[in-house]
Amino acid sequence: MSHFDYLRTGMLRNEVDVYVEMWNEKPDEINQFISKFNELTQTQQRKGVWILDHLSQRNSAAVQPYRDYLYDLVTHSKDSSVRRESFGILYNLELTEEQDGRMLERAFCTLSSFDAETAERHQALQWVLRAAKDYPELYDEIIAGIERVKDIGTPAWKRYSAKLILQLEIKKSKALSSKAKK
C-alpha cells in the first residue's frame, strides 16, 4: 500500500478540493509527491498533478518552489494529461522572463503540433493569448498555428478553431489599431 493510494481513478471533484486543502496545509505532501513522482502509477501522477493545478489556482505560493520541476514535466513527460496540467500550473505561477519565454515557445509548439491532444492545445492557447495582449504582433503566429492544425482532432476542435480564427482576426485588428493610435 502506497502513501498516495488516495490518488485514484474515479476521484470526485469534492474529493480533489479536500486534497487541495490538505496539500495546502501540509506542504510536505507536495514534497513527497514530487520526490516520489517517478515511482507513482500513471493514475497517481495524473491525479496529483491535477491537485497541484487546483492548488496553484488557490495558493500559487505553495506550488511556486516546484516551477522548475513542473517545466520539466511540460517538456519531457510522455503523458499528455501531466503535460496539460503542468501547463496550467505554470500559467498560475510567477516565472522569470527566461522561463516565460521558454513556456511561450513551448506553447506555440504545442498549439501547432499534430501530436498534441485538444486539451493540451487549449492550455497552450491560454499562454499565447496572454502574450498577445502585450504583443499584438503575435496574433499572426497564433492564427497560423491554429490554421495548421484546425482540421485534425475532434469535430468540436475543428468548429472551435474556425470560430477562434475569426475572433483572433478581430482582436488583432483592434489591438493593432489601438497600438497605432498611441
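Please treat every number below as a calculation from the coordinates, not as lab data. Since the structure is predicted, the reported quantities are computational estimates derived from the model, not experimental observations. Positions of Cβ are backbone-derived with ideal geometry, glycine not excepted, and every protein chain shown enters the neighbour counts.
Mind listing the Cα extents of region 116-172 along all three principal axes, in Å, largest one first?
30, 19, 14
Do the sum for the chain: with -39,500 (n - 2.57) for every DSSP H run of n ≥ 4, divided by all residues, what is the mean residue ellipticity at 222 nm, to the nearest 500 deg cm²/dmol?
On the way: 10 runs with 137 residues, N = 182.
Result for the chain, helices only: -24000 deg cm²/dmol.
Quick one: compute the contact order of region 1-94, relative version, from alpha carbon pairs under 8 angstrom and 6+ residues apart, as a percent.
Numbers: 78 pairs, mean separation 26.9, N = 94.
Computed value for region 1-94: 29 percent relative contact order.
Could you work out, for the chain, what percent of all Cα-Cα pairs fall into each 10 Å distance bin, beginning at 0 Å and stopping at the bin that holds the largest distance?
9, 34, 31, 19, 6, 1, 0
Among the trypsin sites (Lys or Arg not before Pro) in region 14-111, which ones are in a DSSP loop with at most 11 other Cβ atoms within 10 Å of the Cβ? Mind listing them? Provide the component values of the computation, followed by the final result.
Details: sites: K36, R46, K47, R58, R67, K78, R83, R84, R102, R106; in loops: K36, K78.
Counting only loop positions with at most 11 other Cβ atoms within 10 Å, the trypsin sites (Lys or Arg not before Pro) in region 14-111 are K78.
Magnitude of the Cβ-charge dipole of region 112-182, K/R +1 and D/E -1, about the Cα centre, nearest 20 debye? Intermediate values should be presented prior to the final figure.
Numbers: 14 positive and 10 negative charges, 105 e Å.
So the magnitude is around 500 debye.
Given contacts defined as C-alpha pairs under 8 Å and at least six residues apart, what's the relative contact order of the chain, whole-number percent? Before the final figure, lay out the partial values.
Working: 160 pairs, mean separation 26.0, N = 182.
For the chain, the relative contact order is 14 percent.
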